[in-house]
Amino acid sequence: MLPEMDGFTVCKHVRLISDVPVLIMSARHQEESKLKGLGLGADDYITKPFSLAELTARIEAHLSRYRRYQGSQSGSSSSSVLQKYNDGLSIHPLNQQVMLNGTELQLTGKEGALLMLLASHQGRAFTKTEIYEHVWGQPAEGSSSTVTVHVKSLRAKLGDEPHQPLWIQTVWGSGYRFIGERIE
């Protein structure tokens, strides 16, 4: 019930890029709304009315778990660290830099965001609608051809053949997935 996009869409977008705790506060009491929110990746769902003390306790509990989780993950790779893949592909999300066999590729902002989205969720198939909504940040009303054009351009710059892909695989009738093998 937010302007521009609803809370479920916001939750879905946050989950694509982050593991921060998500607490949905809503006037919707229906079980289907709660299940949808939790199914999209929310950590908790609280319905109005609620007390400030309960809200504070829930937030503190989620932040405590998140900090503990982050501490246990400090030795693992992060999405801001250089990522190397098979056949000479390197992605540095923090610098928004993509290298192929030591040469920096000149990607447009949308091509870079598209590659970052797919590579950060290796093996997960994204529909064209999901890609458009995440990369362009708006509803995907009839925009599947836009995604197709950007994927084609990205593949050309990567030298990735659609029929024998190294990195971006077409999921027929649905969308695309990143299949590159991480080597570090």
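The values are calculated or read from the model by the stated rules, or taken from the named source; none is laboratory data. Remember, it's a predicted structure, so these values are computed and weren't measured experimentally. Here the Cβ positions follow ideal geometry from the backbone for every residue, glycine too, while neighbour counts run over all protein chains shown.
In region 117-171, what residues are under 18 Å from P93 (Cα atoms) and either among the hydrophobic types (A, V, I, L, M, F, W, C) or part of a helix (DSSP H, G or I) (or both)?
L117, L118, A119, I131, H134, V135, W136, L154, K157, L158, W167, I168
Is it true that V135 is at pLDDT 90 or above and buried (at least 17 other Cβ atoms within 10 Å of the Cβ)?
No, not satisfied.
Select from region 25-81 the residues that are at pLDDT below 90, in a loop (DSSP other than H, G, I, E, B) and exposed (fewer than 10 other Cβ atoms within 10 Å of the Cβ) and list them in ascending order.
Result: S74, G75, S76.
Residues of region 101-143 being aliphatic (A, V, I, L, M) and more than 17 Å from I179 (Cβ to Cβ), which ones?
The first filter runs over region 101-143 and keeps only residues aliphatic (A, V, I, L, M), leaving 105, 107, 113-119, 125, 131, 135, 140.
Scanning region 101-143 gives L105, L107, A113, V135, A140.
Let's see how each residue does on (1) in the same structural domain as L115 (by TED's automatic domain parsing); (2) in contact with a strand residue (DSSP E or B) (Cβ under 9 Å, 6 or more places away or on another chain); (3) more than 30 Å from T129 (Cα to Cα):
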{"position": "M25", "(1), (2), (3)": "no, yes, no"}
{"position": "R28", "(1), (2), (3)": "no, yes, no"}
{"position": "E32", "(1), (2), (3)": "no, no, no"}
{"position": "G37", "(1), (2), (3)": "no, yes, no"}
{"position": "G41", "(1), (2), (3)": "no, no, no"}
{"position": "I46", "(1), (2), (3)": "no, yes, no"}
{"position": "E60", "(1), (2), (3)": "no, no, yes"}
{"position": "S64", "(1), (2), (3)": "no, no, yes"}
